[in-house]
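I have placed the structure first, in the form of structure tokens, so that the comments after it can refer back to it.
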Amino acid sequence: MDTAAYSLADIAGSRFPLLEYAPDATVIVDPHGTVRLVNAQTERLFGYYREELLGQRVERLIARYHGNQFEERSVYFADPQVLPMGVGRELYGRHKDGSEFPVEISLSPLSTTEGTFVAIAIRDVTERIATQQRLQELNAQLENANRAKDHFLASMSHELRTPLNAVLGFTGTLLMRLPGPLTNEQERQLQIVRSSATHLLSLINDILDLSKIESGKRDLSFEPVRVEEVIAEVYAALSSSAHDKGLAFTASAGAQPAELVTDRRALHQILLNLANNAIKYTQTGSVRIDTALATWQGSSALEIGVSDTGIGIKESDLKRLFEAFEQLDPTSTRRFEGTGLGLYLSRSLTLLLGGSLNVVSEFGAGSTFTLTLPLVGRPS
Ligand SMILES: Nc1ncnc2c1ncn2[C@@H]1O[C@H](COP(=O)(O)OP(=O)(O)OP(=O)(O)O)[C@@H](O)[C@H]1O
Ligand SMILES: [Mg+2]
């Protein structure tokens, strides 16, 4: 406000109601630091009647004022600009009863017919500071809890995997009849032991992977990868289960880029998950993996499609497909083993690789999941 043509008495009067009703306590002091005017909020905040403050030194209201106040004030008068204080330093207001409270202060020059004064706006920041502290505490608690969770998951997964590998190893040697012959029934039961243990192991691996991705500890190594090799590995790993179900399983090496720079293990894991699903959720027909070159987000990319002629996905289910622990048809969970982590993991890995994972599906007819990867993935 332009006050140069007014006296302090004018400012105190009804000409400047904004000052009187300002939400901050506002104190006008002269160059010697003597209080010349205070507004209504000053009375409320500090507990004084204004008559008790007029003519007093401003230090009565402001406690623990670090630095040399007088000096600051003369510097201030030499170069009068709006000057925020209390930022980065501890300033306290002092109530009439002597109790202190944290404040934020800003100073601005006030020209009047009687010369230049300083308007000091004082804001009680008790609540803000309490909220900040509470937030910091909560943040620290969250970080601790998160670290504990990561540690728990990592060590539990390790502790669980070790004995499980022993179960798998010895089941394997029994099934190979190394210790001696087996009856048909023993062989049948051992096969159940093996498939359950394999399932449990993949579950533990998924959870371990998830905890690594979420804590940012999944190390990726970007290198030139021959995509057809990775597809061939996935094909080899799953072809027997596809053929057991009587499905036509093909992996056609369509368009191939000269090279794709990506993390080989992650790519393998994503494709294995997708192809596994395609086989799992298809009773008759075919499962196909193929590749195509494309342009994605302005640069060259490779699309790897995994298509099936299976049960398909309802339009309304598409958005929760990629969420952790989501399995679409609750009645089918008995029918199809799994935890609902596969697609969540796959999409998380895809994002780490700088690509995208999308699905097109027709309920009852089949689905196509398309993994799009930039030819040169961004190392992150
Ligand atoms: N090719 C597909 N056809 C139809 N439905 C699918 C297909 N792939 C996934 N789904 C649906 O999406 C859900 C989530 O898939 P996701 O791979 O995440 O979990 P899952 O296969 O149930 O378990 P797992 O963690 O063992 O992979 C599945 O339960 C299934 O309902
Ligand atoms: Mg799956």
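What's the center-to-center distance, using Cα atoms, between the range 254-302 and the range 178-196 in Å? Using only Cα atoms to place each centre, the spacing works out to 36 Å. In the range 127-218, a dipole from Cβ-located charges (positive for Lys and Arg, negative for Asp and Glu) runs towards its positive end, and of 141, 175, 193 it is 175 whose Cα lies farthest in that direction.
Local charge for residue 224 was computed over the other residues whose Cβ lies under 14 Å away, with Lys and Arg +1 and Asp and Glu -1, and equals -3.
The 3J(HN,Hα) values that the Karplus relation (6.51, -1.76, 1.60; θ = phi - 60°) gives for the range 369-374 are, in residue order, 9, 10, 9, 10, 10, x Hz. Gly and Pro appear as x. The packing ranking, built from the mean of other Cβ atoms within 10 Å per residue, places the peptides 298-306, 109-117, 132-140, 11-19 in the order 298-306, 109-117, 11-19, 132-140, highest first. With the helix formula -39500 (n - 2.57) applied to DSSP H stretches of n ≥ 4, the chain reaches a computed 222 nm mean residue ellipticity of -13500 deg cm²/dmol. A Förster radius of 41 Å combined with the Cβ-Cβ distance from residue 147 to residue 127 puts the calculated FRET efficiency at roughly 0.85.
Straightening the chain between residue 297 and residue 186 buys 34.3 nm, computed as 0.36 nm per residue apart minus the Cα-Cα spacing.
Evaluated with a Cβ-only charge set (Lys, Arg +1; Asp, Glu -1), the chain carries a dipole of roughly 940 debye about its Cα centre, given to the nearest 20. Its Cα gyration tensor gives the range 220-380 an equivalent ellipsoid; the semi-axes, largest first and in whole Å, are 25, 18, 14. Listed values for the range 20-36 are Karplus-derived 3J(HN,Hα) couplings in whole Hz (6.51 cos²θ - 1.76 cosθ + 1.60, θ = phi - 60°), namely 4, 9, 4, x, 8, 5, 10, 10, 9, 10, 8, x, 8, x, 8, 6, 10, and x replaces Gly and Pro. Summarising the label geometry, the points placed 7 Å from Cα in the beta-carbon direction at residue 359 and residue 40 lie 6.2 nm from one another. Taking 7 Å steps out from each Cα toward its Cβ at residue 193 and residue 101 produces label points 7.3 nm apart.
About its Cα centre, the dipole of the range 220-380 is roughly 240 debye, where the only charges are +1 on Lys and Arg Cβ and -1 on Asp and Glu Cβ. Within the range 176-266, the trypsin sites (Lys or Arg not before Pro) that combine a DSSP coil assignment with at most 15 other C-beta atoms in a 10 angstrom radius are 177, 217, 226, 245.
Since every read-out is calculated from the coordinates, none of them should be taken as a lab result. Everything quoted here is computed from the prediction, not taken from an experiment. We place every Cβ from the backbone using ideal geometry, glycine too, and count neighbours over all the protein chains shown.
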